[in-house]
1. What tally of residues in the range 50-70 results from selecting those that are surrounded by fewer than 16 Cβ atoms within 10 Å (Cβ to Cβ) and either hydrophobic (A, V, I, L, M, F, W, C) or assigned to a loop (DSSP other than H, G, I, E, B) (or both)?
2. Kindly provide the set of residues from the range 83-114 that are surrounded by 14 or more Cβ atoms within 10 Å (Cβ to Cβ), among the charged types (D, E, K, R) and more than 10 Å from the chain's Cα centre (by Cα), ordered by number.
3. In the range 4-36, which residues are in a helix (DSSP H, G or I) and touching a residue at least 40 places away in the same chain (Cβ under 8 Å)?
4. Go through the range 37-46 and give me each residue that's touching a strand residue (DSSP E or B) at 6+ places or on another chain (Cβ under 9 Å) and not in a loop (DSSP other than H, G, I, E, B).
5. Out of all the residues in the range 72-82, is one or more over 17 Å from the mean Cα position of the chain (by Cα) and either on the phi > 0 side of the Ramachandran plot or assigned to a loop (DSSP other than H, G, I, E, B) (or both)?
6. Under 6 Å by Cβ, and 6 or more places apart or on different chains, what pairs join a residue from the range 107-135 that is of a type in the set (A, V, I, L, M) with one that is at pLDDT 70 or above and part of a loop (DSSP other than H, G, I, E, B)?
7. Among the acidic types (Asp, Glu), farther than 13 Å from TYR93 by Cβ and loosely packed, with under 14 Cβ neighbours inside 10 Å: does that describe ASP2?
8. Can you work out which of the residues in the range 37-48 that are surrounded by 16 or more Cβ atoms within 10 Å (Cβ to Cβ) and either without any contact (Cβ under 8 Å) to a residue 12 or more places away in the chain or touching a helix residue (DSSP H, G or I) at 6+ places or on another chain (Cβ under 7 Å) (or both) is nearest to HIS80 (Cα to Cα)?
Amino acid sequence: MDKSKLQEQVKAEFTGYLTMHKHRKTPERFAILEHIYQISGHFDMDTLFNSMKNSNFRVSRATLYNTIELLLDSGLVVKHQFGANVSQYERAYGNENHDHFICLNCREVKEYKNSNLFTPAQQKRFQRFQVSYYSLYIYGICNKCQRAKKAELKKNKNLDNNNLRTKKK
């Protein structure tokens, strides 16, 4: 789906949600929605606030937090908690299914595109359940952190060996 059709679809869905729940349809709410759907990948509230500020759209943090709650409730945004204290968000529509690899050391989050997690046999179980999206979190240590740890261990081992040699002399 192209970006303009996606923007129209999410705007229509948000309008319907706001109408059904008797919320005001303010320009700020729609600007925030539009801005979020221009972001690819994850974002936190500080990143969103600064991004909107840099694009010369002034919006208060309170408006951002209130709008993100409405977008979460409407299903247009997904919230992730990757183990850190900061929540990450991403748009719910227009994303391929993907898994999240979270490094327990540096906290970096990498996405892995996965066309379909479920086998046809598993999909058959979901005949009476329509899957909107799924999220899989895989925790471990990334290659960069593994290499750094090995280098640190090697350095410490070399220091220990040098200390032993000087003590023997």
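1. 6
2. ASP99
3. LEU6, GLN9, VAL10, GLU13, PHE14, TYR17, LEU18, ARG29, LEU33, ILE36
4. Within the range 37-46, PHE43, MET45 meet the criteria.
5. The answer is no; no qualifying residue exists.
6. Sorted first by the residue in the range 107-135, then by its partner, the pairs are VAL109/PHE82.
7. Considered against the rule, which asks whether it is among the acidic types (Asp, Glu), farther than 13 Å from TYR93 by Cβ and loosely packed, with under 14 Cβ neighbours inside 10 Å, ASP2 comes out as no.
8. Per the criteria, the residue is LEU48.
The values are calculated or read from the model by the stated rules, or taken from the named source; none is laboratory data. Keep in mind that what you see is a predicted model, and the values were worked out from it rather than measured. Backbone-built Cβ (ideal geometry, glycine too); neighbour counts: all protein chains shown.
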